[in-house]
Amino acid sequence: MISVSTYYTDFMDLENFVQNTLIEDSPSLLIQIFTATNELAFIETLLENVRHLLPQAVVIGSTTDGEIQSGKVSTGKTVISFTSFEETRLKSLIVDHQEDGYYSGKSVAEALIEEDTKLILAFTDGLKTNGESFLKGISAVNDSVLLAGGLAGDNATFTKTYVFDKTTITAQGAVAVAFSGKSLSVSNDYSF
């Protein structure tokens, strides 16, 4: 596994970063985007740029209230993280809430979890989703897969948050990616 990240400013800088770090396009490349910019046009352009450079990659992201890049916290920026796996299979899904977060979590788990799935990374909108209900929906299907992720932010304006994948943006749903593979080893830890 190789992981690198950068701040996003424009297409040219992104293209140079991808070329200079030798990022290879593949279905085993996970791109995570965290942006403080809550404008649909900006997110659509950003996703178009990523699709143009790395069309095979799996993309998930969310709007934020702070970003972390190379261990440093920032605000008002966009961070893109690239993680390339050798043997891990990635499978993503974006859902709009049909009822509530519980059923969305259940839908995500039913669609993504396979026999050798070890982890689900999920982001939900920050205003319409009850995170605990979403997690309970996933656990109702399978409570042994590790879960990570969080709720989208909007710079503490509490007006609208977004989550997105490579082609779809939603203000009332969830995006998730499952990590599967027999040789994949996942563990969790916490610190106060």
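Pull up segment 178-192, narrow it to residues that are touching a strand residue (DSSP E or B) at 6+ places or on another chain (Cβ under 7 Å) and not aliphatic (A, V, I, L, M), then point me to the one that is most open to solvent (accessible area, probe 1.4 Å). Please lay out each step first, then the result.
Applying the first criterion (touching a strand residue (DSSP E or B) at 6+ places or on another chain (Cβ under 7 Å)) to segment 178-192 yields 178-181, 184, 186, 188.
Those still in the list that are not aliphatic (A, V, I, L, M) too: 179-181, 188.
Details: F179: 15, S180: 4, G181: 3, N188: 117 Å².
Taking the candidates together, the pick is N188.
Hey, among L121, L146, which residue is under 16 Å from the mean Cα position of the chain (by Cα), surrounded by fewer than 20 Cβ atoms within 10 Å (Cβ to Cβ) and free of Cβ contacts under 8 Å to residues at least 60 places away in the same chain? I'd like the intermediate steps shown before the answer.
Values: L121 fails: free of Cβ contacts under 8 Å to residues at least 60 places away in the same chain.
Only one candidate passes the filter, namely L146.
Give the residue that is modelled with the lowest pLDDT, with candidates limited to residues of segment 69-96 that are among the hydrophobic types (A, V, I, L, M, F, W, C) and over 30 Å from K182 (Cα atoms).
Our first condition is that a residue be among the hydrophobic types (A, V, I, L, M, F, W, C); within segment 69-96, this holds for 73, 79-80, 82, 85, 90, 93-95.
Add one more test, that the residue is over 30 Å from K182 (Cα atoms), and what stays is 73, 79.
Values: V73: 89, V79: 97.
Ranking the qualifying residues of segment 69-96, first place goes to V73.
Residue by residue, here is whether (1) open to solvent by less than 70 Å² (accessible area, probe 1.4 Å); (2) within 25 Å of V18 (Cβ to Cβ); (3) under 12 Å from the mean Cα position of the chain (by Cα); (4) not aliphatic (A, V, I, L, M) holds:
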position: Q56; (1), (2), (3), (4): no, yes, no, yes
position: K91; (1), (2), (3), (4): no, yes, yes, yes
position: G101; (1), (2), (3), (4): yes, no, no, yes
position: T117; (1), (2), (3), (4): yes, no, no, yes
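Right, Q32: of a type outside the set (K, R), surrounded by 13 or more Cβ atoms within 10 Å (Cβ to Cβ) and in contact with a strand residue (DSSP E or B) (Cβ under 9 Å, 6 or more places away or on another chain) or not? It is true that Q32 is of a type outside the set (K, R), surrounded by 13 or more Cβ atoms within 10 Å (Cβ to Cβ) and in contact with a strand residue (DSSP E or B) (Cβ under 9 Å, 6 or more places away or on another chain). With respect to the conditions (1) out of contact with any strand residue (DSSP E or B) (no Cβ under 6 Å at 6 or more places or on another chain); (2) more than 15 Å from A178 (Cα to Cα), E110 lacks only one, and its number is (2).
Would you mind listing the strands (runs of 3 or more DSSP E) fully within segment 97-192 where at least 3 residues are at pLDDT 95 or above, in contact with a Pro (Cβ under 7 Å, 6 or more places away or on another chain) and at positive phi? First the steps, then the outcome.
Working: elements: 117-124, 146-151, 163-165, 173-180.
In segment 97-192, there are no strands (runs of 3 or more DSSP E) which contain 3 or more residues that are at pLDDT 95 or above, in contact with a Pro (Cβ under 7 Å, 6 or more places away or on another chain) and at positive phi.
The residue that is least open to solvent (accessible area, probe 1.4 Å), among those in segment 155-177 that are more than 18 Å from N130 (Cβ to Cβ) and touching a Lys or Arg at 6+ places or on another chain (Cβ under 9 Å), is V177.
The values are calculated or read from the model by the stated rules, or taken from the named source; none is laboratory data. As the structure is a computational prediction, the values presented were derived from the model and not from experiment. Cβ sites come from the backbone with ideal geometry, for glycine too, and all protein chains shown count toward neighbours. All accessible areas refer to the heavy atoms of the entire protein, side chains included, with ligands and DNA or RNA removed. Shrake-Rupley method; radii C 1.70, N 1.55, O 1.52, S 1.80 Å.
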